[in-house]
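Here is the structure we will look at.
Any read-out appearing in this document is the output of simple, stated calculations on the displayed coordinates, not a laboratory observation. What you see is a predicted model, and the numbers here were worked out from it, not measured in a lab. Cβ sites come from the backbone with ideal geometry, for glycine too, and all protein chains shown count toward neighbours.
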Amino acid sequence: MSMTMENGDEFAVGCFLSIRTTLGDEFEGQVMTFDRETNYLVLQESSKHGPRRNIRLLKADYIKDFTFLGQGQDPLHSHDCSLDLNALQSREELAIRQAEADAERIGVGVTTEAQNIFDALSKTHQDTPNARSVRAS
């Protein structure tokens, strides 16, 4: 059964739902957002072990049925938001630096075999070789 919503009221931000999917999964979560264009529902599931939360992206076509459990506050409200935006920015900056470092290790004009050898050596060798030579000890 397709769950494409024409008015989106069933998936209003903040509402708590119990959902059963066409694949047999059952879970409860709070609606963070619903994108009508892509028909994706983003849900926040509470964890039984502390303040951590799981975020689930679900194509609404895979929802077999759901039950409205109640209405809550906007889960992304800045005062109640469980996301640490500073930590997210730090993780983003770290990921960008790592991607830049990874990109620097890719050789220009080298064969795939040579790149694979270089990658294997760089995992086991402590020195950072320069672009012109590799020193093996």
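Quick notes
- Overall, segment 9-71 carries a charge dipole of about 300 debye about its Cα centre when +1 sits on the Cβ of Lys and Arg and -1 on the Cβ of Asp and Glu, all other atoms neutral.
- Cα lying deepest toward the dipole's positive end in segment 85-124, options ILE106, SER90, ILE117, charges on Cβ: SER90
- Size of electric dipole in segment 85-124: Cβ of Lys, Arg +1 and of Asp, Glu -1, about Cα centre, debye, nearest 20: 100
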